[in-house]
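The structure appears below as structure tokens.
Please treat every number below as a calculation from the coordinates, not as lab data. Just so it is clear, the structure is predicted and the values come from calculations on it, not from any experiment. Cβ sites come from the backbone with ideal geometry, for glycine too, and all protein chains shown count toward neighbours.
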Amino acid sequence: MEAVPEVEGAAARTPMTARGSSDTAFTARDWALLLFVGLVFGSSFFFIEVGLTALSPAVITFIRLALGYLTLSLFSRARDAELTREDGRRVAAIGLVWLAIPLMLFPVAQLWIDTSVAGMLNGAMPLMTVGWTVLLARTLPGRSQALGLSVGFVGIVAVALPEIPTGALGTRTTLLGAALALTAASLYGLAATLVTPLQQRYGSLAVMYRAQRSALVFVAPFALLGLRDSSFSAPALLAMIPLGVLSTALAFIAIATLIGRVGAPRGSVAVYLVPIVAIVLGVTLLGEQVHPLAFTGALLIILGAWLTSRREVAR
């Protein structure tokens, strides 16, 4: 491992960037990471819904972060990495904007909006990422990637639109829930932009391990207050296990790795698979019916992911 002075020199020479270490078309490993993230993040809204039957949003967030942090602590590469003081502060900030705040916002939002709607709004993350990369890194995605991001978002709308209850958006509380979900998606996009150079310097394990520790400290006071509104039923607690180990630990490692390799806008397209997974779970586990428009949307999402995965040509 590099000595700290060498890392500091590299950090000073490396500009803020959201570009990946490779601009080639997605490899088999990249596709595997993308599919894993989409499947796990897509199922997380279901487990949050189960958790909300007994736990307050802040308690859900704290438990999943604690399980995620404990999972990552099993890896020596996560514990032993040495970060510069400046990068340590950046990682702590990522813990807030990528983990602590949005992971609390989504459970609160799901008190007022359906899981399918939350999944659709979460799908705004890639477009939010593009906005943040333009603002912070002064870079634009290639034409193929821009087209893929747009096509994929249209597909998300097509998939989720039939799932929105009639008249749901006419209530003030539902609008508040939608605003919270969009705020969380915007923070996800910001974090994806910020994490790219850090992941490339230190690796996903070191970055996410420290980011989750920072998030835990921030969430703890809210979780203590939320204990009064929690009842700790067995189904709710069991739902926290996959939410913490898979979604909060392994999936965040996977998406950080993907972002570091292919760049923030292209890596974040993994969340476009979230509505598809949510609908499949609804059909198989809850016996829900699928609207024909959802099949068209699913094809558009796949097409958008493929366009985004092609070789990136900088503009």
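In region 94-129, whose amide N lies under 11 Å from the spot 7 Å out along Cα-to-Cβ of Leu285? List them in ranges.
none
Once you have all Cα-Cα distances for region 229-277, histogram them in 5 Å bins from zero and send the whole-percent values.
The percentages, shortest bin first, are 5, 18, 18, 19, 16, 10, 8, 5, 1.
Any chance you could run the full-extension gain for Leu74 through Val154? It's 0.36 nm times the residue separation minus the Cα-Cα distance, nm to one decimal.
This chain segment gains 24.8 nm when fully extended.
Can you give the extra length, in nm with one decimal, that the chain gains between Ala93 and Val217 once fully stretched, where that is 0.36 nm per residue apart less the Cα-Cα distance?
43.4 nm
Report the percentage of all Cα-Cα pairs in region 179-224 whose separation exceeds 16 Å, rounded to a whole percent.
53 percent
What is the ratio of the Cα radius of gyration of region 26-309 to 2.2 N^0.38 Å, where N is its residue count, to two decimals?
Region 26-309 yields a ratio of 0.95.
Report the gain in length on full extension from Val134 to Thr53: 0.36 nm times residue separation, minus Cα-Cα distance, nm rounded to one decimal.
Roughly 25.1 nm would be gained on extension.
In which sequence would Arg77, Arg261 go, from the one with the fewest C-beta neighbours within 10 Å to the one with the most?
Final ranking by Cβ density, sparse to dense: Arg77, Arg261.
Output wanted: per-residue J couplings in Hz (rounded whole) for region 130-147, from phi through Karplus 6.51 cos²θ - 1.76 cosθ + 1.60, θ = phi - 60°, x for Gly and Pro.
My calculation for region 130-147 gives 4, x, 5, 5, 5, 6, 8, 9, 6, 10, 10, x, x, 4, 5, 5, 4, 5 Hz in order.
What's the ranking of 23-31, 201-209 by average number of surrounding C-beta atoms within 10 Å, highest first?
201-209, 23-31
Taking one equal scatterer on every alpha-carbon of region 17-63, how large is log10 of I(q)/I(0) by Debye at q = 0.18, 0.29, 0.31 1/Å?
Log-scaled intensity ratios, in q order: -0.69, -1.03, -1.09.
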